Amino acid sequence: FEQGTAECIKSYQEDYDLSSRIGDKPGAAITAFNLGHAYLGHEVPVLRDLAQAEVWYQRSLELFDEQDSNRAQCLGQLGLISYERYKDAYEANAPYDELFKHLSDAARFYHQELDLLPPDAVDALAMAHNGLGVIYKSVSNLDRALHHYNQALRYFETTGDFYNAALTRGNVARALVQIGRLSDAREYAYAALRNYEQYGE
């Protein structure tokens, strides 16, 4: 998987089958989650199949114990799949109702993820809030978008993840431009630039 080769599917599938045969539900849940990652196609583009990714993330969600915090990650990934479907539909000039459904599904999953995440899961909390910021900005609900972006910024800075903080500040700047708050947008853009400068040219 980390080498970006499609052969990872065969090994993951064998691992999943063996874990299932011996009754190792946690092991099968982890491998199902990895299969979802593989089919998402970010690391191995040739494997991209959102339907298969959804099947495996859902399988992982079902296999993890009700009290297992890993269920939150499954919900976050299902939210990401819905957002990926929105982007595909947007590129295909799909009707508004279809676009809105994908965004609504994504928001629902991210909110469910937030409900399950423990307070110390700072990285996951940051990404979930950032995802919600992107979604609410897409439907021009800028007040809610700004709320979630600022929550994400707080978490990113807590962990010293200034690169993602810069990306989020750029998103906030664009959202503020949409509502005419140009002075505030400029401040966020400069703050993003200062974050990026830490990483060199």
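Would you please list the contacts, defined by Cβ atoms under 9 Å and residues six or more apart or on different chains, that run from a residue in region 76-97 that is touching a residue at least 24 places away in the same chain (Cβ under 8 Å) and part of a helix (DSSP H, G or I) to a residue that is surrounded by fewer than 16 Cβ atoms within 10 Å (Cβ to Cβ) and among the aromatic types (Phe, Trp, Tyr)?
Qualifying pairs under 9 Å: 86/100.
In this structure, is residue 92 aliphatic (A, V, I, L, M) and either surrounded by fewer than 16 Cβ atoms within 10 Å (Cβ to Cβ) or over 13 Å from the mean Cα position of the chain (by Cα) (or both)?
So residue 92 passes the test.
Would you be able to tell me the number of residues in region 25-75 that are outside any helix (DSSP H, G or I) and closer than 18 Å to residue 2 by Cβ?
Residues flagged as outside any helix (DSSP H, G or I) and closer than 18 Å to residue 2 by Cβ within region 25-75 amount to 5.
Values quoted throughout were computed directly from the atomic coordinates according to the rules given, and no laboratory measurement underlies them. Every value quoted in this text rests on a predicted model; they were computed, and no experiment measured them. Cβ: placed from backbone, ideal geometry, glycine included. Neighbour counts: every protein chain shown.
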